[in-house]
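What follows is a single structure, written as structure tokens, with notes after it.
The values are calculated or read from the model by the stated rules, or taken from the named source; none is laboratory data. This structure is a prediction, so every number in the text was calculated from the model and none was measured. Note that each Cβ is placed from the backbone with ideal geometry, even for glycine, and that neighbours are counted across all protein chains shown. When the accessible area is computed, the model is the full protein with side chains, heavy atoms only, and any ligands, DNA or RNA have been set aside. Shrake-Rupley method; radii C 1.70, N 1.55, O 1.52, S 1.80 Å.
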Amino acid sequence: MKKLESILKKIESIELDKKSMKLAKKRQNELTKPKKSLGILEDISIQVAGITGDPQPYIRDKSIIVMAGDHGVVEEGVTAYPQEVTAQMVNSFLNGYAAINVFSRHTSTDVVVVDMGIASNMDYSVLIDKKIGYGTKNISKGPAMTRKDAIKAIESGIEVFEEVYAGKKIDIVGTGDMGIGNTTPSSAIISAISNCDPRLTTGRGSGIDDLSLKKKIDVIDKAININKPFKDPIDILAKLGGFEIGGIVGVILASVSHRVPVVIDGFISGAAAAIAIELDRKIKDFMIASHKSLEIGHGVMLDYYGLKPILNLDMRLGEGTGAVLAMSLIELSCRVLNEMKTFDEAGVSDRI
């Protein structure tokens, strides 16, 4: 708990650097282009300036941290895939076969994979071991985990980020996930926080049919009713969440404390982001929403917090794929700010 309290205390004193943002905006307006002609790319570079405290930030070193964990609620038939796929996909990540690996190679992004609670033993020679348990408990029958384990999950995420940052002072980090059944706890978290009907936050996840979707909605509704009232964001995580969701919360908190831009992937990362924002509302200003997932609950989360995603590609894979794509555009937005010439620098006549 001390690590979490320390990080939250540090975040209390952090604000966006308004001076750096003002200087970045001034330079954007003076570059050889009509004002706002690069749209959201201009806004992103200004936000990154505020996050980092650098009016001309560069993005060079990029990492995606993929948190993996299993979920007891899969026994309710809420997913199209068996639980062992979590471990199998993690092995694919480690061997470089999965979508996240292809995306990351294309964008020169390091991939860090963490076992937060996979329901089987793994080879930890290249996998970071932060295992809290062999999957969570079934949220439709009671809490997913204890409060102590929820805090441990968050603090483990903090530790992972700080280990990555100490080894290589990354300029930006993205969040990713792997966990069969994890759209169910994510829908439950978003419903609980936004006080939204589970029918409006629950999608087909891995591709379930209509009957399974109805069952999934009923399971989420039951989980919320059995586990409420909720004391605070950590209580929501403990009762409805997953170990990997807690780990992502920790990555978000740690990145903010180091003034490193954090790029939120899709729905699972969005649920973690919601927990983080509820811990301190200013955290929202330091995160960048990568894309809008096809999972309907993600749209609810984005709208609830007023987050504007960079991309909308009808993706819903997870793994951090959306975050990696967006990081490439964030890197580009900062290169434009730095490498384009102003009208004066280029000797080009400005508008009349």
Open item on the list: Residues that are part of a helix (DSSP H, G or I), open to solvent by 10 Å² or more (accessible area, probe 1.4 Å) and hydroxyl-bearing (Ser, Thr, Tyr): does region 232-255 have at least one?
Closed with: no
- [ ] Please indicate, with yes or no, whether at least one residue in region 91-109 is open to solvent by 20 Å² or more (accessible area, probe 1.4 Å), β-branched (Val, Ile, Thr), in contact with a helix residue (DSSP H, G or I) (Cβ under 9 Å, 6 or more places away or on another chain) and in contact (Cβ under 8 Å) with a residue 24 or more places away in the chain.
- [x] no
Open item on the list: Could you go through region 172-191 and let me know if any residue there is open to solvent by 50 Å² or more (accessible area, probe 1.4 Å) and free of Cβ contacts under 8 Å to residues at least 60 places away in the same chain.
Closed with: no
Open item on the list: Restricting to region 257-311, count the residues that are closer than 21 Å to Glu42 by Cα, basic (Lys, Arg) and surrounded by fewer than 23 Cβ atoms within 10 Å (Cβ to Cβ).
Closed with: 3
- [ ] Taking the options Asp123, Asp171, Asp110, Asp149, name whichever one is modelled with pLDDT of 95 or more and over 30 Å from Pro57 (Cβ atoms).
- [x] Asp149
